[in-house]
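See below for the structure under consideration.
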Amino acid sequence: MLVAAAVLPCPPLLVPDIAAGAAPELDAARAACTDALGVLAASRPDLLVVVGPAEQSGRGPHPQGTRGSFRGFGVDLDVHLGGHQPGPGTSEGELPPSLAVAAWLLERTRWSEASDAPVEGLGVGEPLAAERCIQVGGEIVGRAKRVALLVMGDASACRTLKAPGYLDERAAGFDAEVARALGAADVAALKSLDAELAHELKASGRAPWQVLAGAAEGAGLGGALLYDAAPYGVGYLVAAWS
């Protein structure tokens, strides 16, 4: 069953080496991510599954130790899922960017020292239908007695004129409802998110959030919203469920 979840944004800019001089602008987001990951460690899971948006080639599943790289963002930096070097059976592929950011955050907070739970990664595609996302979530929590989820994904990318998706007047309302649902651990609201609207608003977190909704069905978890901002016109949300 699901015992805890952390919902984090996944911009590579969370990695200070990539953000360079702009790194302090996301200090509060990094601090909130650390707090949310602390909730996961405190839940003492038997298994941590990291879920994030991915293109077809990066969907995995990705075993513990799978490498991620930020070289595509101009930084000579590699990470490994779960903080462990690759072992037998490790995927030859690389982590998609969202899971590489998750791996970096786990390494930064020394997950491997705080918990001996194995870590696995799963990329989900933005077109994946809500029903299938919910089904995947249900399958994940059946894999161990105590499962924790680390859910990566951004809200809309259309909050300002300079946002990647330009300004869309619907974005603020969409993000506000997602923030409310994540803060309240409102499983029904996450299940009913409008996939087409999320796609139009370039919200990469829609499918991962609905995987979370499927995993959390009947778990009775409570939620707390730890961060809600759009510093670059993209909605970044951090929430913890326990």
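The values are calculated or read from the model by the stated rules, or taken from the named source; none is laboratory data. The shown structure was predicted, so the numbers you read here are calculated from the model rather than taken from an experiment. Reconstructed Cβ throughout: ideal geometry from the backbone, glycine too, with neighbour counts over all protein chains shown. With ligands, DNA and RNA removed, areas are computed over all heavy atoms of the protein, side chains included. Shrake-Rupley method; radii C 1.70, N 1.55, O 1.52, S 1.80 Å.
Determine which member of the set Glu120, Glu126, Glu113, Glu94 is open to solvent by 10 Å² or more (accessible area, probe 1.4 Å), at pLDDT 95 or above and either under 14 Å from the mean Cα position of the chain (by Cα) or acidic (Asp, Glu) (or both). Glu120 is the lone residue from the list that is open to solvent by 10 Å² or more (accessible area, probe 1.4 Å), at pLDDT 95 or above and either under 14 Å from the mean Cα position of the chain (by Cα) or acidic (Asp, Glu) (or both). Of everything in region 115-169, what is under 24 Å from Val234 (Cα atoms) and among the polar types (S, T, N, Q)? Give them in sequence order. Ser156, Thr160 - these are the residues of region 115-169 that are under 24 Å from Val234 (Cα atoms) and among the polar types (S, T, N, Q).
Look through region 198-207, keep the residues that are within 11 Å of the chain's Cα centre (by Cα) and over 18 Å from Ala184 (Cβ atoms), and return whichever of them is surrounded by the most Cβ atoms within 10 Å (Cβ to Cβ).
Let us first name the residues in region 198-207 that are within 11 Å of the chain's Cα centre (by Cα), namely 204-207.
From what is left, the residues that are over 18 Å from Ala184 (Cβ atoms) are 204, 207.
Numbers: Ser204: 26, Ala207: 29.
Only one residue fits best here, namely Ala207.
For beta carbons closer than 8 Å, sequence separation of 6+ or different chains, a first residue in region 184-211 that is more than 18 Å from Ala172 (Cβ to Cβ) and a second that is among the aromatic types (Phe, Trp, Tyr) and not in a helix (DSSP H, G or I), the qualifying pairs are Ala185/Trp241. Screening Arg132 against (1) open to solvent by less than 50 Å² (accessible area, probe 1.4 Å); (2) at pLDDT 95 or above leaves a single unmet condition, (1). Is it fair to say Ala219 is touching a residue at least 12 places away in the same chain (Cβ under 8 Å), over 24 Å from Leu13 (Cα atoms) and not in a loop (DSSP other than H, G, I, E, B)? Spelling it out, it is not the case that Ala219 is touching a residue at least 12 places away in the same chain (Cβ under 8 Å), over 24 Å from Leu13 (Cα atoms) and not in a loop (DSSP other than H, G, I, E, B). Can you tell me which residues in region 229-242 are of a type outside the set (Gly, Ala, Ser), under 12 Å from Asp154 (Cβ atoms) and in contact with a helix residue (DSSP H, G or I) (Cβ under 9 Å, 6 or more places away or on another chain)? Listed by number, the residues that qualify are Pro231, Tyr232, Tyr236, Leu237, Val238.
Tally up the residues in region 42-58 that are modelled with pLDDT under 95 and either surrounded by 19 or more Cβ atoms within 10 Å (Cβ to Cβ) or in contact with a Cys (Cβ under 9 Å, 6 or more places away or on another chain) (or both), please. Explain how you work it out, then say what you get.
Filtering region 42-58 for residues modelled with pLDDT under 95 gives 54-58.
Next, only the ones that are either surrounded by 19 or more Cβ atoms within 10 Å (Cβ to Cβ) or in contact with a Cys (Cβ under 9 Å, 6 or more places away or on another chain) (or both) stay: 54, 58.
Selection size over region 42-58: 2.
Pairing each residue of region 136-162 that is among the acidic types (Asp, Glu) and buried (at least 18 other Cβ atoms within 10 Å of the Cβ) with any residue that is at pLDDT 95 or above and outside any loop (DSSP other than H, G, I, E, B), provided the two are 6+ apart or on different chains, yields C-beta distances under 7 Å for Asp154/Tyr236.
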